[in-house]
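The values are calculated or read from the model by the stated rules, or taken from the named source; none is laboratory data. Values in this document were obtained by computation on a predicted structure and should not be read as measured data. Every residue, glycine as well, gets a Cβ built from its backbone with ideal geometry; the counts of neighbours run over all protein chains shown. Each accessible area value is taken on the protein alone, full model and side chains, heavy atoms only, with ligands, DNA and RNA left out. Shrake-Rupley method; radii C 1.70, N 1.55, O 1.52, S 1.80 Å.
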Amino acid sequence: MRALDALLPHLRLAAAVPLVTVPAHDVAWLPEKDRPVLAAAIRLRCDALVTGDRTHFGAGYGRAFGGVLAHSLSLKATRAQPACWRRFSSRPFSGRA
């Protein structure tokens, strides 16, 4: 829990985004109910998506989708340093570069 507590000040919440804003092949491997989670991470240009949902995201752990690397909570907590997490900018969403 200390690792998670160290990361929390560097995280920001964001609104969900429509799936049509990301390529279908990046999210098609997930069950429909989980696609908005990865779609939001892609749309927000996150470096990583950290989730403990091994059932649905486990097949994607260690792989990148739309530039977002999927991690298990336990793996990311042991490797992450807060300084390496990308901070969100205040610029409006304009699509991926």
Exercise for the section: Considering (1) surrounded by 10 or more Cβ atoms within 10 Å (Cβ to Cβ); (2) modelled with pLDDT of 65 or more, say which one ARG79 fails and leave the rest. Expected result: (2)
Exercise for the section: Output the number of residues of segment 34-66 satisfying the condition of being farther than 19 Å from LEU11 by Cα and open to solvent by less than 40 Å² (accessible area, probe 1.4 Å). Expected result: 6
Completion exercise
All-but-one check, LEU49 against (1) over 15 Å from SER74 (Cβ atoms); (2) modelled with pLDDT of 85 or more, failing number (1)
